[in-house]
Structures are given as C-alpha cells and as structure tokens.
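Everything on this sheet refers to the single structure shown next.
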Amino acid sequence: AAATGAGPVQRIEEVRLLRGRQFAEDGGPLAHAVRPDSYVEMNNFYTITVYEKGAELVRVLQQQLGARRFRKGMDRYFRRHDGQAVTIEDFLKAHADASGVDTRPMLAWYGQAGTPQLTLKARQTRAGYELRASQKTPPTPGQVRKTPVPIPIRISLLDAAGDPLPLDAQGSTEQVLQLNQAKGQWAFPGLEPAAPVLLQGFSAPVKLDFQYSRAQLELILRAAADPYARWDAAQRIFLLEIDAHQRPPPEIDGLDCFAEIATGETDPAVLAELLTPPRADELSDRYAELDFDALQSRLDAVELALARVCAPVAAHRWSRFPKQAYRFEPAAVGQRRLRARLLQLWVASGDPAAQKAAQQLYDQADNLSDRLAALTAMNRVSGPARERLFKKFYGAYRQEALVLDRWFALQASLPGAATVDRVEDLLRHPAFEPANPNRVRAVLGSFGMLNPSALLSADGRGVALLAKQVARFDRSNPQLASRLITPFALWRRLAPPLRHLLETELKQLRAVARSPDVREQLERMLKS
C-alpha cells in the first residue's frame, strides 16, 4: 500500500495496530519474544508480536544503517541466501558484512519480550538545546532483567512559526539519533526550538515519554512535515482531554484546533486520521486499573466534542466532494476516506441533515466503500433509520460472504453493554456460520478485541458470553478458540468485582479445555 501512494496513512495504520494491540500483548501475561526460546503449541505463536513487531525490527535496522547501506545489505542477503532456510543471525551478518556496522546488538530485540520505554528530556541552555534519553524495558513473564536495545530516534526541531531548524552545518532538518545504551545525550548548539518532533515515522517500536506542552502539540499538529508525528500529536491532544475529564459527565471544549486543520489540510486521507481519536481497545495498556465503562464514556465525550467543532466543516464540504465514478487510486481513496470520517462526525453531532446525507450516500453509491461509510456513520444512531439501512445492506449482500462479515462486525463492535444482547442475537442469526472462521471472527473477534466496553461491562454478561463461546470452539477449532480468548489476558488489571468474575471464568475454562492451544493460553494468563 505504501508503494502505491498510501504511504503516510499506511504507516499510521501500522502504528495504530502496533500500539493498540502489540504493546498490550507485550505488557501482559502472553508477552513473548519475536523469536521465542520455547513453546507448547506452535499455533499460539502466529501472533502480532512475531509478525508486526518482527517487521518493525527490520525498519529499526534500516533506520540504523540508513537507506543506502540497508539496500546494500539486502542485496548481499539475497545473493548469499536466496532459496535457503536462514536465521536472524544470517540476516544480520549479511548487513554487517555489507555495511561494516556491527549488527549483533539487534539480537537483543529478537530475544526478549516487552516494549522498551524511551524517556526523553529537553533542556535549553546558553549554548543551545540538549536532549537526554534513557531506556528501560519492564519485566515480562520469564524475563526480569533486560538488555538495552538499539533505538534510532528520528527527529526535527521546529521554530515558533513551525519551520524546521537546521541541525548541522549542511542544513539538514532531520537527524537520526542512535541510542545504543541505557542512556544518551545530544546537543544542538545555537538552537532554541519551540517544539521537538520526536520519533518521526515511528522509527522504533517503543513507548515515548516526553512532557509536551499543549502549545507544542498544537504546533506539531499544524506544522510538522512528518504525517505520523502530526497524528501522534493529535492522539496526545485527545488523550489530554480524556485524562483531564475523569468524572462523568465530561464536558470537553478544547478541540478547536481540529476545526482549523479540517479547513486547511491538503491530504484528505491524512486529515481523516488526524480527526480520529483512539478507541478504547487501543488504550488497554495506558491505565493501571481498567474501567472500560468509564473510559468509553470519556471517549464518547471526546467524539461528541470533536463532532460539534467539525460538523460545520463537514456540512460545508459535503456538497463539494468530487462527484465521479469509482476509481481505485490514491487520490480517490483519500477523498472517500475523508468523506466517510466527516460523515461520522456530522452524524454524531446530531444534525438531522447528516442522517439524510448518509442515506443519500448509500442510495447513490456505485461502490462498497461508500455504502460501508454510510453504514458506519449510522451504526451508533438509535432508531428506525439505522435499522432500515442495516436491513437494506443485508438484503443486498446476503450472498457475499466476505461483505456480510463486515455487516456482522459493525454490529458486534458497537460500544456499550447493550451490544451483549445484540451479539447473542447475531450468534442465532440464520447467516451466522460457526463452521466459517471468518464469520466467527467477524462476530466474536470484533466483540472481544474491538469492544471492551461491551465485553467487560460491569454486569459480567459479556465475559460469560465469550467464555462460553471459547469453550464451544475449543472442541471444534482450537486455533480459533485460542485467539478468541486473548482479550481476557488483561484480567488482573480490571477493577473488582469484574476482575474476580473473570478469574473464575478462566479457571472454569481451564478445567474443561481440551486442546493444548487453549490450555497453554489459560496457564499463561493464570500463572502468578
């Protein structure tokens, strides 16, 4: 996707997945290295850590070596090993031989679990600007002491007008700082930046701790050249609002900066991402004790506040979106993506004209993307208009299995405890096929992985529902069952009494589980 022109948004999607799901896996009882030393059931290691974090480590190496030397290393690797079964050591040695750089420290990334925490601190001195860095990887099951890993930190520095400052005598406005030990320090003589843009492009899979001011985040959001850095600034602004409004009903009114960028942004696909706050499932590793009912309430308040500031922009732009036949090319995809997100915000604002626009988009669409956009925008609306649209979509696509999976998934991922009843209805739906893993994932995977406010609602009904289904599929499809159970891994961080209820469910599952796939997952979750 990146090679076809969707690079910035593709990178944001990759990071959203990594930070939302892989970081949570790395921080819980199912944490494991990219290259595990041992296993009970190999099927349990087709994981987001092995695949997504493993891919990120290749990017880390590329950031360390630079594009030219990395390409030389890849050429050497393919010449030397094409058609062979090779190891990570072979891969790293090919790069070392081609570049003259010692790549052996990279093995620490592959051999230990956990997400490194990168702490950066800035200091303005008479001589210029200083950055100090430290890294620490928290203990994980079976691994207490951790080795420092190589962390490339790609940065730029912005002045008060948002222009990048030169970082060296050649006038370069970007630099990759290499942190290879537990601590590091860098100086930029004569510079007095208004904001540092750190970890550009998400140059390493780490958690970044830097105490940005609100003004710095808004400056980066408006002016940084790196789309990922702008998206990260937007996410941090949303999180500031979420964390500042702990008590319901939260009243959020600090999002006017998003109306400003909504009128001035030139890349529609990037704008759609900038206007998308984090979901509850993406924040499961953020809080020491999790209460997803309260968290979802704050997220809903953020969405409503964002909808109110962006609704005028959405209404103004709606009739001005290009009216053209469907084309699959980056510019057209970006326009559809932005139109879909603005429609969601417009509908969420409560403007009756927005629901009419959604219905019109559905009726006039010549492609599935626009119909799904209308369906998604109406998903959280209560009333007959929503039900009519979902019924119409089902009637049109009931014979298209993969499309119908989207219909199931949208309903199962609707936040709130009431979705437990909806999921039970979906499991009894005539089109639900328990022998079809994609259909099961569409319902139970969406419910479990994407909808913690329903799965972990305080009454425990969501927990009981998923536990029952895990026991069911343990007998018929243990690989699927072992994936469905993974949302329960955070049980120790839930507030009581839900924590105790989930512990009881896990122990009951352990008593009846037959497959090594599920038993291994349960043992790891329950191990103290």
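The values are calculated or read from the model by the stated rules, or taken from the named source; none is laboratory data. Model, not experiment: these values are computed from the prediction. Every residue, glycine among them, receives a Cβ derived from its backbone with ideal geometry; neighbour counts consider all protein chains shown. What goes into the accessible areas is simple: the full protein's heavy atoms, side chains included, and nothing from ligands, DNA or RNA. Shrake-Rupley method; radii C 1.70, N 1.55, O 1.52, S 1.80 Å.
Here are the numbers:
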read-out: Restricting segment 493-518 to residues that are free of Cβ contacts under 8 Å to residues at least 12 places away in the same chain and part of a helix (DSSP H, G or I), the residue that is surrounded by the fewest Cβ atoms within 10 Å (Cβ to Cβ); value: Ala511
read-out: Qualifying residues in segment 111-152 (those that are touching a residue at least 40 places away in the same chain (Cβ under 8 Å), outside any strand (DSSP E or B) and open to solvent by 50 Å² or more (accessible area, probe 1.4 Å)) - the one farthest from Gln22 (Cα to Cα); value: Ala127
read-out: Which numbered condition Val420 fails, given (1) aliphatic (A, V, I, L, M); (2) open to solvent by 10 Å² or more (accessible area, probe 1.4 Å); (3) in contact with a Lys or Arg (Cβ under 8 Å, 6 or more places away or on another chain); value: (2)
read-out: Of all residues making up segment 266-296, the number that are within 26 Å of Asp243 (Cβ to Cβ) and open to solvent by less than 40 Å² (accessible area, probe 1.4 Å); value: 19
read-out: Extreme residue, most open to solvent (accessible area, probe 1.4 Å), among residues of segment 423-470 that are of a type in the set (D, E, K, R) and farther than 22 Å from Pro516 by Cα; value: Arg428
read-out: Residue pairs meeting the criteria (Cβ under 9 Å; at least 6 apart or on separate chains; first without any contact (Cβ under 8 Å) to a residue 40 or more places away in the chain and in a helix (DSSP H, G or I), in segment 209-222; second crowded, with 20+ Cβ neighbours inside 10 Å and small (Gly, Ala, Ser)); value: Ala215/Ala195; Gln216/Ala195; Gln216/Ala233; Leu217/Ala195; Leu217/Ala233; Leu217/Ala234; Glu218/Ala233
read-out: Matching residues in segment 310-362 - criterion: being polar (S, T, N, Q) and either modelled with pLDDT of 95 or more or at positive phi (or both); value: Gln344, Ser349, Gln355, Gln359, Gln360
read-out: Matching residues in segment 317-328 - criterion: being over 15 Å from Leu368 (Cα atoms) and assigned to a loop (DSSP other than H, G, I, E, B); value: Ser319, Arg320, Phe321, Pro322, Lys323
read-out: Criterion: within 30 Å of Ile485 (Cα to Cα), open to solvent by 40 Å² or more (accessible area, probe 1.4 Å) and part of a helix (DSSP H, G or I) - qualifying residue of Glu56, Glu14; value: Glu14
read-out: Residue satisfying all of: in segment 95-135; charged (D, E, K, R) and within 28 Å of Pro189 (Cα to Cα); nearest to the chain's Cα centre (by Cα) among these; value: Lys121
read-out: Answer from Glu192, Glu241, Glu174 - the residue that is under 24 Å from the mean Cα position of the chain (by Cα) and open to solvent by 10 Å² or more (accessible area, probe 1.4 Å); value: Glu241
read-out: Hits in segment 479-492 (condition: open to solvent by less than 40 Å² (accessible area, probe 1.4 Å) and either in a helix (DSSP H, G or I) or not β-branched (Val, Ile, Thr) (or both)); value: Leu480, Ala481, Ser482, Leu484, Thr486, Pro487, Phe488, Ala489, Leu490, Trp491
read-out: Helices (runs of 4 or more DSSP H) contained in segment 379-477 and holding at least 2 residues within 21 Å of the chain's Cα centre (by Cα) and at pLDDT 95 or above; value: 401-412, 446-450, 452-455
